[in-house]
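Have a look at the structure below before the remarks.
The values are calculated or read from the model by the stated rules, or taken from the named source; none is laboratory data. The model shown is predicted, which means the values in this text are computed figures rather than measured ones. A quick note on method: Cβ atoms are made from the backbone with ideal geometry, for glycine too, and the neighbour counts reach across all protein chains shown.
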Amino acid sequence: MQPPPYPNNENWPQQPNSQYPNYENWQPSQQPNSQYPNYENWPQQPNMYYQPQQPEQWQQPPPMPPFQQPPKKKSKLPLILAIVGGVLILACVGAFVLVSAAARSITTSTVPTLSTAIANSTAHTSNQQSSQHFKVGDVVKVGETWNITINSVKTSNGSSQFYTPKSGHEYLILNITARNISSQEQVISSLVLFSLTDASGQKYDETIDPDAGATLDGKVEASSQLKGSIVYEVPNNIHSYQLAFEASIVSSGQTIWDINA
C-alpha cells in the first residue's frame with residue numbers, strides 16, 4: 001500500500017468552498033429587507049393594546065373651607081313662658097276685680113244685719129283695730145283662737161305672813177276663763193299675754209298670792225277651756241284699771257277690759 005498523498009493534514013490543501021469560495025472574507029450580504037428596507041428607521045407605532053401612562057404631575061389639593069357650625073335653632077320656650085305669664089296675669093287681674101266687686105256687694109248688703117246680730121249677741125267679738133272696751137262678764141272672742149271671759153275682780157291684803165302687799169298697796173285678783181275655739185292645741189301665759197295699766201299709763205307687774213288659786217297658764221286643747229287667776233299688786237287709792245290681752249306677741253292689736261275695783 002502506498003501511503004496517502006497527505007500524511008500531514010497540516011499541509012492539506014485548503015480547497016475553496018464551492019459555495020463560498022472566499023469564505024475568509026465572507027460578509028453577509030447587506031441587502032435591505034425587501035419588506036422593510038429601512039427597518040432601522042421604522043416608525044415606532046404605539047401598541048394598540050398597551051399604552052404607557054405618563055405619570056401625572058402631583059398637585060396640591062385645594063384648601064378645605066373653614067368649618068362653620070350650623071346655626072342653632074331658636075328656642076320657643078321664652079315665647080311660650082311669656083304667653084303663659086300673660087295669661088296668668090290677666091286671670092289674676094280678672095279674679096281680683098270679681099272678688100272686689102263681690103266684696104263690695106256683700107259689705108253693702110250685710111253690714112246692717114251683722115251689726116244688729118253683734119249688738120244682740122251675748123258673745124262679743126273683739127276688733128283689735130277698734131277702741132272698743134269690754135267689761136267684766138263679757139265673753140269676748142279674740143281672733144279665731146280664744147273666747148276670754150273675766151269672771152270676777154276683787155282686792156286682798158293677803159293672808160300669808162310671807163305673801164303680803166307692801167304698805168299702801170293691795171292685791172288685785174282677776175279670775176279669768178280662756179276657751180280654745182281653734183282646731184289645734186294652744187298655749188296661754190298670763191305673764192306674756194296679759195298686762196294691767198292705770199289711767200296714767202302706769203304698768204303693773206304680776207305677783208303671787210297663794211290664796212288666789214291656780215294661775216292662768218298652760219296648754220289648752222281644742223274646744224277646751226282653762227280657768228285661773230292673775231294677781232297684781234296695786235296702790236290701794238286707785239280703783240280704775242285696764243286689762244289688755246294680746247292673742248299673739250308677734251301680731252299687732254289688743255283686746256281691753258275696763259276694771260273697777
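Observations on the structure shown:
Yes or no, residue by residue, for (1) crowded, with 16+ Cβ neighbours inside 10 Å; (2) among the polar types (S, T, N, Q):
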| site | (1), (2) |
| --- | --- |
| 154 | no, no |
| 158 | yes, no |
| 175 | yes, yes |
| 180 | yes, yes |
| 187 | no, no |
| 194 | yes, no |
| 201 | no, no |
| 224 | no, yes |
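- You will find that of 163, 171, the residue that is free of Cβ contacts under 8 Å to residues at least 60 places away in the same chain, surrounded by 12 or more Cβ atoms within 10 Å (Cβ to Cβ) and aromatic (Phe, Trp, Tyr) is 163 and no other.
- Contacts under 9 angstrom Cβ, first residue in region 184-207 being more than 16 Å from residue 257 (Cα to Cα), partner loosely packed, with under 15 Cβ neighbours inside 10 Å and of a type in the set (Lys, Arg), 6 or more apart: 185/219; 186/219; 187/219; 188/219
- Figure legend. Inter-residue proximity from region 72-101: first residues surrounded by 10 or more Cβ atoms within 10 Å (Cβ to Cβ), second residues at pLDDT 75 or above and assigned to a helix (DSSP H, G or I), beta-carbon distance below 8 Å, spacing 6+ or different chains. No pairs are indicated.
- Checking residue 176 against (1) at pLDDT 95 or above; (2) over 18 Å from residue 148 (Cβ atoms), the condition it does not meet: (2)
- Some residue of region 238-252 being touching a Phe, Trp or Tyr at 6+ places or on another chain (Cβ under 7 Å), surrounded by 15 or more Cβ atoms within 10 Å (Cβ to Cβ), at pLDDT below 95 and within 25 Å of residue 143 (Cβ to Cβ): yes
- Residue 232 meets each of the listed conditions (1) outside any loop (DSSP other than H, G, I, E, B); (2) without any contact (Cβ under 8 Å) to a residue 60 or more places away in the chain; (3) of a type outside the set (D, E, K, R) apart from (2).
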